[in-house]
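Notes follow once the structure below has been shown.
The values are calculated or read from the model by the stated rules, or taken from the named source; none is laboratory data. From a predicted model like this one, the values you see are computed outputs, not experimental measurements. Using ideal geometry, Cβ is built from the backbone for each residue, glycine included, and neighbour counts are taken over all protein chains shown. What goes into the accessible areas is simple: the full protein's heavy atoms, side chains included, and nothing from ligands, DNA or RNA. Shrake-Rupley method; radii C 1.70, N 1.55, O 1.52, S 1.80 Å.
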Amino acid sequence: MDGMLSQDEINALLTGMDLSSDTSAQESEESASAVQIDESLLTPDERDAIGEIANISMGSSATTLYSLVNRKVNITTPIVQIANWEMVVDAYERPCVFIQINYTAGLDGSNTMILKEHDVKVITDLMMGGDGSNTDGELGELHLSAISEAMNQMMGSAATSMSTMLGKMIDISPPDASLVDLNDFKKGGEIAPFLEGNFVKISFRLQIDDLVDSTIMQLYPIEFAKGLFESFVLNQPEPEPAPAPAPAPSAPPVMEMPAGQPDMSQMNMGMPMQNMPMQGMPMQSMPQMGMPMQSMPMQGMPMMGMPMQSMPQMNIQPAQFQSFSNNMGTAAGQENIGLIRDVPLEVTVELGRTKKSIAEILDFAPGTIIELDKIAGEPIDVLVNGKFVAKGEVVVIEESFGIRVTEIIK
């Protein structure tokens, strides 16, 4: 009948609906199984501290890698993020090299480094004395062994830097490198348990001359990252307290004269001290210190009304020094020269000198005669440490030449 579907067509449609529904259900299940990223697992302070630790550690690692490959190495400032396994799979090409590093002292935990296959081949070729261009072929045990040794030295220097920052001894186990195809693992927990949920991802940009310009990653468990932060904070020196501000000088108290007391400005400054009334109390109520008030001298200035002749007289005399005699100077000089009598000096006997050009010197040969500026029979010069001190004549002592001093130069 026209417009009606056959049974075969109906069955085909029903089968297609079932397949599409099964596919949708599977996609929904996979999306539901994806771990949601919780940014609140790390505070901003914790992110900054972890980034600072990673920055200093990888700086030491870059220096070590430079000594291994003999090429300029640059590792940029790290980026700290909360990540899940899906982010790692999306960010890295396949296959890649996973390097597992466990801490054996100072820290309790581990971290994982991820490098691209091409980068590992370049580093391995440079370590073996190549120019970094031998990157053909598959990644084998030789490459994994070489990159494990490089990471062992790099992370060893990083552990030393962390020991200084955290104030305690930190040591690592030998790294374990393996080639991983991310397509073979649907969940990160199949590689390391902490990769099952949220973890800390620290990304660096690695540059080795013009051979490598790539990204490497470090993956930390959340608990391990928080432990790093706590150790980092505990090892920071406490800030010194700010000095307390100096108190402002207070104004001297204003003395108010009680009613009925005389005005001080109108008092006779020459009157005795015992007749001057004190503020608010009679003079006789003050305790006596064993001497009358008027007999107490003031330091540095006379009392008002006290005659100047009462000041003590000071005896001032010019200083006298003992004169030095010539005999004392001579004795001191003889004593000082005795201290250096054993010092060796170089004595040179100069037969004569002359000047020649470079061309003439180049013509020298065995048998060449060089005429000096001395006349035959003229005294020769004696120099001590290069200083002309005497003249003399040449003599022969058995089989050696000598000089007889004929004149001392003053």
Discussion item. With the requirement that a residue be crowded, with 17+ Cβ neighbours inside 10 Å and part of a helix (DSSP H, G or I), what does region 35-51 give you?
Written reply: 46, 47, 49, 50
Response to the item:
Note on residue 133: of the conditions (1) over 20 Å from residue 176 (Cβ atoms); (2) of a type outside the set (Phe, Trp, Tyr); (3) not in a loop (DSSP other than H, G, I, E, B), unmet is (3)
Fill in: Given (1) on the phi > 0 side of the Ramachandran plot; (2) crowded, with 20+ Cβ neighbours inside 10 Å, index of the condition residue 54 fails
(1)
Worksheet item: Take the residues of region 88-108 that are of a type in the set (Phe, Trp, Tyr) and over 29 Å from the mean Cα position of the chain (by Cα): which is modelled with the lowest pLDDT?
Response: 92
Discussion item. Being farther than 20 Å from residue 223 by Cβ and either open to solvent by less than 40 Å² (accessible area, probe 1.4 Å) or of a type in the set (S, T, N, Q) (or both) is the filter here; which residues of region 76-94 pass it?
Written reply: 76, 77, 89, 92
Worksheet entry | Filtered residues of region 204-230 (kept if open to solvent by 20 Å² or more (accessible area, probe 1.4 Å) and either on the phi > 0 side of the Ramachandran plot or part of a strand (DSSP E or B) (or both)) | 205, 207, 209, 213, 215
Practice prompt. Say whether the condition of being under 26 Å from residue 89 (Cα atoms), among the small types (Gly, Ala, Ser) and touching a strand residue (DSSP E or B) at 6+ places or on another chain (Cβ under 8 Å) is met by at least one residue in region 155-165.
Written response: no
Discussion item. Contact list please: Cβ distance under 6 Å, first residue in region 139-157 and in a helix (DSSP H, G or I), second residue surrounded by fewer than 16 Cβ atoms within 10 Å (Cβ to Cβ), pairs at least six apart or on different chains.
Written reply: 152/174
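Matching residues to (1) of a type outside the set (Ser, Thr, Tyr); (2) at pLDDT below 90; (3) open to solvent by less than 50 Å² (accessible area, probe 1.4 Å):
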{"position": "110", "(1), (2), (3)": "no, yes, yes"}
{"position": "113", "(1), (2), (3)": "yes, yes, yes"}
{"position": "147", "(1), (2), (3)": "yes, no, yes"}
{"position": "155", "(1), (2), (3)": "yes, yes, yes"}
{"position": "160", "(1), (2), (3)": "no, yes, no"}
{"position": "170", "(1), (2), (3)": "yes, yes, yes"}
{"position": "182", "(1), (2), (3)": "yes, yes, yes"}
{"position": "192", "(1), (2), (3)": "yes, yes, yes"}
{"position": "195", "(1), (2), (3)": "yes, yes, yes"}
